[in-house]
1. Apply the a/c threshold of 1.5 to the C-alpha gyration tensor of region 258-340 and tell me whether it is rounded, prolate or oblate.
2. Grab the DSSP H runs of the chain that are 4 residues or longer, score each as -39,500 (n - 2.57), total them, divide by all residues and round the 222 nm result to the nearest 500 deg cm²/dmol.
3. Need one number: nm distance between label points at GLU127 and ASP144, each 7 Å from Cα along Cα→Cβ, rounded to one decimal.
4. Give me the angle, in degrees from 0 to 90, between the Cα long axis of helix 389-400 and the longest principal axis of the Cα atoms of the chain, rounded to the nearest 10.
5. Show me, for region 59-76, the HN-Hα J-couplings you get by feeding each phi into the Karplus relation (A = 6.51, B = -1.76, C = 1.60, θ = phi - 60°), rounded to Hz, glycine and proline as x.
6. Can you run the Rg to Rh ratio on region 337-490? Use alpha carbon positions and the Kirkwood inverse-distance Rh.
7. Which angle between 0 and 90 degrees, to the nearest 10, do you get for helix 435-450 versus the longest principal axis of the chain when only C-alpha atoms count?
8. Which stretch or stretches of region 93-135 have amide N atoms under 15 Å from the point lying 7 Å from GLU69's Cα along the Cα→Cβ direction?
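The values are calculated or read from the model by the stated rules, or taken from the named source; none is laboratory data. Source: prediction; values computed, not measured. Ideal geometry is used to build each Cβ from the backbone, glycine not excepted, and the neighbour counts take in all protein chains shown. Heads up: the accessible areas ignore ligands, DNA and RNA and are worked out on the full protein's heavy atoms, side chains in. Shrake-Rupley method; radii C 1.70, N 1.55, O 1.52, S 1.80 Å.
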Amino acid sequence: MRKRGEYGILILAIFFFFAFFGVSLNFLSLSQKREYVRTAADSAYVTIHAGESGGTIYDRNFQPFVNTEKRVAAVAVPSENSLEELIQLGVDRDYIEREYEKGQPFAFECVRKGDENEGLTFFEIPERYGEKISAPHIIGYISDGKGVSGLEYAYDKILRTGSTENSVTYSTDGHGNILIGGGKSVVRSTKDKSGVVTTLDSEIQAICEKAGSSLEKGAIVVADVKNGDILGMASFPQYDMNNLTAAFEDENCPMINRCLYSFSVGSIFKLITACEGINEDLSGFMSNCGGEFSMGELTFGCHNRNGHGIQNMKEAMTNSCNPYFISLSQCLDLSKYRSLAYNMGFGREIHLASGIISSAGVLPSVEELRVPAELANFSFGQGKLTATPLQINQMTCAIANGGKLHLLRLIRGITIDGETVGNEKSALSSRVISEETAWELRKMMIGAIYGNENSKAAPQYVRAGAKTSTAQTGIFDENGEELCHGWITGFFPASNPRYAVTVLAEHGGYGNDSAAPIFKEIVDEMMNRK
C-alpha cells in the first residue's frame, strides 16, 4: 500500500511538471509574438494622403486670385485595379509602375477623373498658382508650405490651418492587407472655400496690369475715392511665382513692390502748394515767370526757358510753372504748409496688412523748410521730399472726394464660405480740406488736361482731371542724361469723381509721355467695362 501511494504521488508530480512546462512554452510563444500583435493592432487602419487644400485669396466680388485651377489626384489599391488601367489615368507611368509593384495603396496625379470603386478614389485639389496669376506683389508666395511675402505671409495661419487634407482611410487585417468591402473613409477638404477677401476688383486689376505692361519699372494704383478701397494695385516688372529664381536674378528687381516704395514726387506736389495758398486766401496770387527764379546765388529754371509771363494759379497749374509756385511758397505759413502735407498723407506710413506697409517717404521739417533753397524745391515737389504711389493716390482721393480723406485699405475681411465677409470694418476717414478748396483743386486738375493742347492724358469716353510730374532724381545714365520719374495722378468722372488713378514710370522721363497715356488707357478701359 505504501509503495502504491508513493507511485501515485510520483505520477501526480510528473503530470504537474509537464503541465507547467506546457504553460511556460505557451507564454514564451505569446511573448515572442507580442511585437506582431502590437503591430497588427496599430495597422488596423491605413491612411493615404492625396494632397492639401489651402485657403483662398479673393477679390471684392469673391473671384479667386489663387486656387483658380484644379488638378486631379487619385488613391488606388493595387489588388483592386489593373496596372494598365491606372497607367491610362496617371500622369507619371514610371511612378505608377513602381508603386503598383509594392502592393500597397498609393496616391498619384491623374490626367482625368475615372470611375470610382472601393479601391479607387478621385480628388479635385486646388492648384495654388496657375500659369498666369494676377497681383503677384499683393498675393506673395509660399515656401516649404509657409507664406513668405504678401498676403500669403500676412494671413499664413488663416490660409493654412484647419481641415486642409484630402485622404482615404482603409481598414486592414492583422497582416496589413486592405479589407475591401469593409468600407473606406474619404476626407475631402473644403478649406479652399475659406480665406481672405481683399478690396481689389480682379477686372480693374487686370486692366492695370495690361496697361502697365509697357513700363520697364513703375507702379499703378486705382482706388475708390468714396471709401478708400484699393481696386487695382500693380508693380512693374511683374514676376512669375512659379519661377522665383528668374525674378531674383532680374536686374530690374521685380520682387520689389514699387507701390510701397518712395520716389521723388515733382510737380504733383504743386497741388499741395496751391491748396495751402487757397487756405491762406491767396487764390488770386499772381506772378511773372521769366523762365527762371533767382534766390541769392541760386537760380531755379522753368521748363519753359522763355517764361510763361504773368500767371494766375490756374494758369500756373496748367503750365506747371515752377517759378510761380516758388513765389507762392514765399508767402505761406511754413507750419501750416507742412501740416497740410502731413494731413494729406505725406510723411506717414500706410498699413495695408502685416508686412505690406507703405514707406512714409520723406517730409522735410519746418526747420528744414526755413532754408530758402529747400523751401523752393519743396514748392514744386523736389529736394528731400519723397512719397509712394499709394500716398499720391490717397491725396488724390481726398481732393476728388470733396476734401474728405479715407485711409486706403486693401482688406475687406475674412470669409469661411467664400460668399460672405465677417467683421468687415470701414476705413478711417477725416476731413483735411474744405469742399470749396477741393473743388478749386479739381478745376485746376481738369484744366491741366483740357487747357493743355499737348496733354496725352485726356480719356476718350469721359472727362477727367489730372496732374503730371517729371521728377528729377540726381541719377544719370552712361550718356550723362538725368533719369527722371514720370508721374500722373487724377480722377474721373470729372463732374462726380468716383475713381482715382495714379501711375509712376520709374526713370520713364516726362510724365506726359510715359505716364499720361497709361492713365488714359486705364480710364477708357474702365469706362468700357461699364
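1. Values: a/c = 1.57, a/b = 1.19, b/c = 1.33.
Oblate, because a/c is 1.5 or more while a/b does not exceed b/c.
2. Numbers: 19 runs with 180 residues, N = 530.
It comes out at -10000 deg cm²/dmol, rounded to the nearest 500.
3. Each label point is offset 7 Å from its Cα along the Cβ direction, giving 2.6 nm.
4. Compared with the principal axis, the helix lies near 60 degrees.
5. In residue order, the calculated couplings are 7, 5, 9, 6, 8, x, 8, 10, 6, 7, 10, 10, 10, 9, 10, 9, 10, 10 Hz.
6. Values: Rg = 18.4 Å, Rh = 17.9 Å.
Checking Rg against Rh, the ratio lands at 1.02.
7. The angle comes out at about 80 degrees.
8. Label zone hits: 110-112, 125-134.
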